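Where a number appears in this text, it was derived from the coordinates with a stated rule and is not lab data. Note that the structure is a prediction, hence the values are computed from the model and not measured. When we count neighbours, we look across all protein chains shown, and the Cβ atoms used for this are built from the backbone with ideal geometry, even at glycine.
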Amino acid sequence: MWPFTKQQDAAPTTVGLAKAPDLQQLNLGLKARDWPAVRDILTAADPVHLMSYMLHVASAAGVEEWIPDVVRAEPDSTLPLLVRGARAVYWAWDARGGGTADTVSPEQWKIWFSRLKLAENCLDEVTDRDPGCAEAWHYLVILGRARQLPEQERWRRFDKLIAIDPTHLFGHQQMLENLKPKWSGSTEAMFDFARTRAAACPGTDIPVLIAEAHREHRWSSGDNKHFRRNEVAGEIYAAAHNSFWHDDYHRSIMTPRVWNEFAYGLTMGRYFREACAVYDLIGDDEFRTTPWRSVERFQELRDRARDKADDPDPADDDD
Amino acid sequence: MWSIKKNEADDDDGTLEFCRFLDEEAELLRRALRRRDWPTARGILEAEDPELRAYYFSVAATTVGVERWITDVIRGEPDATLPLLLRGAGLLTSAWELRRDGLTSTMSDAAAQLWIRLVGQAEECVEEVLRRDPGSADAWTWSIALSRARNLPEPERRRRFQRLVEIEPHHWFGHEQMLLALSPRWGGSSESMFAFARTQSAACPSTHIPTLIVLAHQEQFVHLNQLAEPDDPDREPPLSDWEPAEVMDEVWEAAQASYWHDDYPISVLTPIVWNTFAYAFTWGDFHKPAWSLFESIGEDWITREPWETIKFFRRSRTYTEKNL
């Protein structure tokens, strides 16, 4: 049985939520505007959980309305400021919309820049008072792109982040985004970054950047045929071996994201048997919308891989 | 008389599918390995019949990730060679995937490093198995594959094959590996490859082995096509490659020496032989022999190789039927 339906937004599946009671509590706390509950969860989280939870906080509509009161009430803590700044980044995107620049009205641009400025002020204050706060640097990396800051400044922010947390997945993904041709980067810069960081971080999530970069590049390089080139497919395959298939790899809540990206890349690269092994790991519970866009597309590619690999679905096992 | 064109599409009846495994045990084995159920897998892998044993081992060796979890089994049974050989074979299978086009495949730096690492680890396992159990035909088969991966000199490749055929003279997978070890895509030459296929076919009448003749021609077509279209990931040799009389005369003789031979016994690997010859006869325009093979294959024994897609299998069968 397939337990979930097509997703409307970037939130995790209900299955993912059920397996992460803290996340459920966090979302309830955000909805109830219950800062002590939210604070307790964020404070107790280890870095990788904090990275994940902060994304929920930043995406939660309404936080911008009540968090200023918390900032005033807890002047000695940087956490409310971090929340306010991170939320302002996403709040700015709410105003701008996800379209190209020509779809944005002058009024939207005004709101966009004022919210980004708010975010920057909050996060600057966090890093002034607590320079070791990786999450603040992560959102500052996003701001570097949103505010079109000079390349040097974007790199400075990323370097600060990895000095604190060398394998911070979201920060790496944001820096990769920075370097994509569509954001004033270039294909060369994007691949150079993905390869350099993948080589520097064997046995971690980071080699997934290689698969992401190829997914981005396929549009300008023969679409899906791009993945079938031996050097491309082989590079994604090698990246999988250097990531979650590496002996030193430790699973975390980030791992399903890595599995989903590699399952897609391996299937498109016609590594069907290998992809099947990753589909087994994903199972019914660890589907993520990225990079498939829809559950239907995920099922279609998974079933194609299992058929081409002549590998039965072990979940069908009755013996 | 009329003849349908080779590029003509046919109707889709939508009911055919590939037989994923050549017997039920093989499917149980694959499922067991994907569940990491070693006791069940071992029971199947220890088949008495040499051909079954070799086939099951080849299924096990191409189970993704087996080389990673089997290390726990090896730790638990340090004296057993089977899990160690399976680790070596699994590692090499994983390495091959980096060079799907042959020894000169274009690779990224990371892929090249991974290749060296996997092949090196595979070699340690297979050499250790051969040190402890030099009579293991499957280990010699994988050492032939390793000689190709490591680009060892031809005499060493031949030495390993010699050891194999001293133990099991008709080992199909070992012959297939040796054909690849002598093929131009993998550091050999067309001459060596064809000479090998012809010599072994003559030496092994009434077995599967003369099928090597078809595989050699196919490998040669792929090689020539790759030289002509190096940058196209979807390149495929033209089907008209099979038409020349010198090709088809040899295919005909090979069929006589193999499954048409009075003494040829049908066995678990026979569908490989049927499908391989059916392909060559179809596109070499030998419609009657092709059709009799399609009748033997029926709906139950369509192997993925050499068709790759059911659509192409159906197209081939229809082409034969309409030209009978």
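Below are the figures for this structure:
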| item | result |
| --- | --- |
| Prolate/oblate/rounded label for segment B:93-230 (Cα gyration tensor, a/c 1.5) | oblate |
| Global geometry of segment A:170-319, whether rounded, prolate or oblate, following the gyration tensor of its Cα atoms and the 1.5 cut on a/c | prolate |
| Test item: Cα-centred dipole of segment A:10-165, Lys/Arg +1 and Asp/Glu -1 on Cβ, debye | 340 |
| Vicinal HN-Hα couplings computed from phi for segment B:159-170 (Karplus, 6.51 cos²θ - 1.76 cosθ + 1.60; Hz; Gly/Pro x) | 4, 5, 5, 4, 4, 4, 6, 5, 8, 9, x, 10 |
| Karplus-derived 3J(HN,Hα), 6.51/-1.76/1.60, for each residue of segment B:104-119, Hz, glycine and proline x | 9, 3, 6, 10, 6, 4, 5, 5, 4, 5, 5, 4, 4, 5, 5, 5 |
| Segment B:Asp232-B:Thr15, length gained on full extension (0.36 nm per residue, minus Cα span) | 74.9 nm |
| Trypsin sites (Lys or Arg not before Pro) lying in DSSP loop within segment B:56-106, provided at most 16 other Cβ fall within 10 Å | B:Arg100 |
| Karplus-derived HN-Hα couplings along segment B:317-322 (A = 6.51, B = -1.76, C = 1.60, θ = phi - 60°), whole Hz, x at Gly and Pro | 5, 5, 4, 5, 4, 6 |
| Average Cα contact separation per residue, chain A, under 8 Å, 6 or more apart, as relative contact order % | 12 |
| 222 nm mean residue ellipticity, helices alone, for chain A (DSSP H n ≥ 4; -39,500 (n - 2.57); rounded to 500) | -21000 deg cm²/dmol |
| Charge dipole magnitude, Cβ of K and R +1, D and E -1 - the protein assembly as shown, Cα centre, debye nearest 20 | 2060 |
| Shielding by partners, peptide A:298-309 (average Cβ within 10 angstrom, other chains) | 1 |
| Ranked list, fewest to most other Cβ atoms within 10 Å of each Cβ, for A:His246, A:His49 | A:His246, A:His49 |
| Most to least packed among A:79-91, A:184-196 [average Cβ atoms within 10 Å] | A:79-91, A:184-196 |
| Degrees, to the nearest 10: A:47-59 long Cα axis against longest axis of chain A | 70 |
| Using alpha-carbon coordinates, inclination of helix A:79-96 to the longest axis of chain A, degrees | 70 |
| Likely footprinting exposure, A:Cys201, A:Cys133, fewest C-beta neighbours within 10 Å first | A:Cys201, A:Cys133 |
| Unsatisfied cross-links (Cα-Cα over 27 Å) in the set A:Lys110/A:Lys160; B:Lys288/B:Lys311; A:Lys160/A:Lys225; A:Lys182/A:Lys308; A:Lys117/A:Lys180; A:Lys31/A:Lys160 | A:Lys110/A:Lys160; A:Lys160/A:Lys225; A:Lys182/A:Lys308; A:Lys31/A:Lys160 |
| Dipole of the protein assembly as shown, positive end: most advanced residue of A:Trp245, B:Ala145, B:Trp274 [Cβ charges, Cα centre] | A:Trp245 |
| With Cα atoms, 0 to 90° folded angle of helix A:230-242 axis to chain A main axis | 60 |
| The protein assembly as shown shape via C-alpha gyration tensor axes, a/c threshold 1.5 | prolate |
| Signed unit charges on C-beta, dipole axis of chain A, positive-most listed residue A:Ser59, A:Val208, A:Leu143 | A:Leu143 |
| Other protein chain Cβ atoms within 10 Å, averaged over every residue that makes up B:101-111 | 5 |
| Helix-only mean residue ellipticity at 222 nm for chain B, each DSSP H run of n ≥ 4 adding -39500 (n - 2.57), per residue, nearest 500 | -20000 deg cm²/dmol |
| Residue order, fewest to most surrounding Cβ atoms within 10 angstrom, among B:Glu51, A:Glu261 | B:Glu51, A:Glu261 |
| Size of charge dipole - segment B:73-149 - debye, nearest 20, with Cβ of Lys, Arg +1 and Asp, Glu -1, no other charges | 140 |
